[in-house]
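A quick write-up on the structure given underneath.
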């Protein structure tokens, strides 16, 4: 994979409300007030990162490629989300504090998914993996709030830490030296979700996904298999 490019986005274009980055919603405002700590933008970003990472549980079966399904307020309401909806929530919280935030996407090869998820996806390649890109101290910094700490422990993967100064992206190996996550393709960073492009790819490459995810419990699968 080519190196992560520096985003060409203007920070001034990454502070407003969008249909899914709905930081004007009461749920988002309340969450920000409760969990945003510190004085500097770095401190605020770090506190919000950990709140989204650990208080919103990761659920890859919660994929919903609709505006309502991706809204930041929805993730707070149901207390769970997949990588894209959690990245959207973090972006919304940051924008609510006046910190520019964008949505980044990459295709990754996940070596440590569960058997049921692999059957649902039909592959171990996850297209349009989402992360958040944050404008801090004059540079874009990547943050990946997807996997909550309890899930990392069940999978024996290293939790992603974030200090507001260095990119926080998936580790290539887990705690036992097994392959974990491999970045295959960088898709770029956007001020809002490129939803139509995502829908086309998901319909083409994951045709069985919707039929197999009903009633699935990713956290329990991870515990059982690991």
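When residue 34 is evaluated against the numbered criteria (1) part of a helix (DSSP H, G or I); (2) closer than 22 Å to residue 129 by Cα, which criterion, by number, is the only one it fails?
(2)
Can you tell me which residue among 86, 74, 109 is outside any loop (DSSP other than H, G, I, E, B), within 16 Å of residue 146 (Cα to Cα), modelled with pLDDT under 95 and in contact with a strand residue (DSSP E or B) (Cβ under 9 Å, 6 or more places away or on another chain)?
109
Taking the conditions exactly as written (on the phi > 0 side of the Ramachandran plot, at pLDDT 90 or above and touching a strand residue (DSSP E or B) at 6+ places or on another chain (Cβ under 8 Å)), does residue 130 satisfy them or not? If you could, list the steps in order and put the result at the bottom.
On the way: on the phi > 0 side of the Ramachandran plot: no; at pLDDT 90 or above: yes; touching a strand residue (DSSP E or B) at 6+ places or on another chain (Cβ under 8 Å): yes.
No: the conditions fail for residue 130.
For (1) closer than 30 Å to residue 41 by Cβ; (2) over 17 Å from the mean Cα position of the chain (by Cα); (3) surrounded by fewer than 14 Cβ atoms within 10 Å (Cβ to Cβ), each residue gets a yes or a no:
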residue: 125; (1), (2), (3): no, no, no
residue: 130; (1), (2), (3): yes, no, no
residue: 144; (1), (2), (3): yes, no, no
residue: 147; (1), (2), (3): yes, no, no
residue: 151; (1), (2), (3): yes, no, no
residue: 157; (1), (2), (3): yes, no, no
residue: 161; (1), (2), (3): yes, no, yes
residue: 170; (1), (2), (3): yes, no, no
residue: 179; (1), (2), (3): no, yes, yes
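Kindly check whether there is at least one residue in the stretch 198-217 that is within 21 Å of residue 44 (Cβ to Cβ), surrounded by 13 or more Cβ atoms within 10 Å (Cβ to Cβ) and either touching a strand residue (DSSP E or B) at 6+ places or on another chain (Cβ under 8 Å) or modelled with pLDDT under 95 (or both).
For the stretch 198-217, residues within 21 Å of residue 44 (Cβ to Cβ), surrounded by 13 or more Cβ atoms within 10 Å (Cβ to Cβ) and either touching a strand residue (DSSP E or B) at 6+ places or on another chain (Cβ under 8 Å) or modelled with pLDDT under 95 (or both): absent.
Inspect the stretch 43-51 for any residue being surrounded by fewer than 16 Cβ atoms within 10 Å (Cβ to Cβ), out of contact with any helix residue (DSSP H, G or I) (no Cβ under 7 Å at 6 or more places or on another chain) and either modelled with pLDDT under 95 or not in a helix (DSSP H, G or I) (or both) and give the result as yes or no.
No, the stretch 43-51 has no match at all.
Residue 39 fails exactly one of the following numbered conditions: (1) out of contact with any helix residue (DSSP H, G or I) (no Cβ under 7 Å at 6 or more places or on another chain); (2) in a helix (DSSP H, G or I); (3) surrounded by fewer than 17 Cβ atoms within 10 Å (Cβ to Cβ). What is the number of that condition?
Checking residue 39 against (1) out of contact with any helix residue (DSSP H, G or I) (no Cβ under 7 Å at 6 or more places or on another chain); (2) in a helix (DSSP H, G or I); (3) surrounded by fewer than 17 Cβ atoms within 10 Å (Cβ to Cβ), the one that fails is (2).
The values are calculated or read from the model by the stated rules, or taken from the named source; none is laboratory data. Not measured: the values here are computed from a predicted model. Note that each Cβ is placed from the backbone with ideal geometry, even for glycine, and that neighbours are counted across all protein chains shown.
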